[in-house]
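Participant: Take this structure first; my questions come after.
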Ligand SMILES: [Zn+2]
Ligand SMILES: [Zn+2]
């Protein structure tokens, strides 16, 4: 089969990411073999291709927002059959036995493994996934629309829940990219008042179109105090601003994997009155199930740009250069 391979991690403008021939993978006994129909292009794929993330599997095939169809299953798999449509996401395996897994926090499992980093992902004709980590996709979502929900959507959703937004509450979103614009749609559908603080004029326009009550510059003060805020921008200097924007008892969730240094906090104005700061790490399968169901119910939609799979490297170059809004999706028209 044709598959992209990180032959030599480095800038995607060069040719370390190559389209190669690989054998069709053989699913392990608890795994599904999946014919890939669509695969979203996530910024993490860029980090894998460029070597920002350490190499965990030499020559890995990136891609962890996969929508495809089951074509075969290992001998121990129950509950899936050939022809079933499934989603394959970032979280690939956990040990299921550590203290975190046992209390329902498998996102914190020290033994966790990831699709398109520890194992070959969806920039290929076929991929595999442990059946226990494959997601069933609601009928109402087509392949291309569903793909970006599998990483950006799920992570944004966990961030929303970590922000402890009360019903009908006031939510501030700092940064408004792929994850934020999906999470905003759920919050709005559930009756929240949403204020967006972000740099780009196009992103502010999109926020207002989706129903945000206000949209202003990244460093602006929202027009009312917030019950909850989520920091999507990887900018630590926004943490004190976001904390000052919270009402008493409010919660700030920090959604990113990376954040620049947070400046010193002023206790009286930024933390007192029981304000809380929380980080967000990966996601659990329960987060994914909840979000995918809500996305179908509320009609959550990502802005997508289709690329043929043979142009995956160009899609990553365009992502890096900011040449499109929304999410790129590799779409295999031939299957
Ligand atoms: Zn564990
Ligand atoms: Zn991702």
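A short reminder: the numbers here are calculations on the coordinates, not readings from a lab. Just so you know, these numbers come straight off a predicted model, no measurement behind them. Methodologically, a virtual Cβ is constructed for each residue, glycine included, from the backbone with ideal geometry; neighbour enumeration extends over all protein chains shown.
Participant: Nearest 10 degrees is fine. How inclined is helix 201-210 to the longest principal axis of the chain, computing both from alpha carbons?
Facilitator: 90
Participant: Related question: Per 5 Å bin from zero, what fraction in whole % of the C-alpha pairs of segment 117-275 is there, up to the bin with the longest pair?
Facilitator: 2, 9, 17, 20, 18, 12, 8, 7, 4, 2, 0, 0
Participant: Angle check, please: helix 178-189 long axis (alpha carbons) against the longest principal axis of the chain (alpha carbons), in degrees 0 to 90, nearest 10.
Facilitator: 60
Participant: Something else: Which order results if 176, 324, 272 are arranged by neighbouring Cβ count within 10 Å, fewest first?
Facilitator: So the residues, fewest neighbours to most, are 272, 324, 176.
Participant: Moving on to the next point. Send over the Kirkwood Rh of the chain, from the inverse of the averaged 1/r over different Cα pairs, rounded to one decimal Å.
Facilitator: Its Kirkwood hydrodynamic radius stands at 20.4 Å.
Participant: Across 5 Å bins from 0, what is the distribution of all Cα-Cα pair distances for segment 156-217, in whole percents?
Facilitator: 4, 21, 36, 24, 12, 2
Participant: Now a separate question. I want to verify a result. In a Gaussian network model of the chain, Cα cutoff 10 Å, which of these has the top mean-square fluctuation: 305, 100, 47?
Facilitator: Of 305, 100, 47, the Gaussian network model singles out 100 as fluctuating most.
Participant: In degrees, nearest 10, range 0 to 90: what is the angle between the Cα axis of helix 285-298 and the longest Cα principal axis of the chain?
Facilitator: With both axes taken from Cα atoms, the answer is about 80 degrees.
Participant: Take the Cβ-Cβ distance between residue 257 and residue 219 as r, set R0 to 22 Å, and report the resulting FRET efficiency rounded to the nearest 0.05.
Facilitator: Efficiency, rounded to the nearest 0.05: 0.45.
Participant: Let me ask you something else. Taking the chain as a Gaussian network, where each spring joins two C-alpha atoms under 10 Å apart, which residue of 101, 39, 183 fluctuates the most?
Facilitator: Highest fluctuation of the listed residues: 101.
Participant: Going by how many other beta carbons lie within 10 Å of each one, how would you line up 260, 75, fewest first?
Facilitator: Going from sparsest to densest Cβ surroundings: 75, 260.
Participant: Starting with the fewest neighbours, write out 4, 117 ranked by other beta-carbon atoms found within 10 Å of each beta-carbon.
Facilitator: 117, 4
Participant: Once you put a point 7 Å from the Cα of residue 98 and another 7 Å from the Cα of residue 321, both along the Cβ direction, what distance in nm separates them?
Facilitator: About 4.0 nm, to one decimal.
Participant: To continue, here is another question. Suppose the chain between residue 209 and residue 281 were pulled fully straight at 0.36 nm per residue; how much longer would it get relative to their current alpha carbon spacing?
Facilitator: So the chain would gain 23.0 nm between residue 209 and residue 281.
Participant: A follow-up question, please. Going by Cα centres, segment 176-191 and segment 275-335 are how many Å apart?
Facilitator: Here the answer is 13 Å between Cα centres.
Participant: Next up: Per residue of the chain, what 222 nm ellipticity follows from adding -39500 (n - 2.57) for every DSSP H run with n ≥ 4, rounded to the nearest 500?
Facilitator: Estimated from H runs of four or more residues: -7000 deg cm²/dmol.
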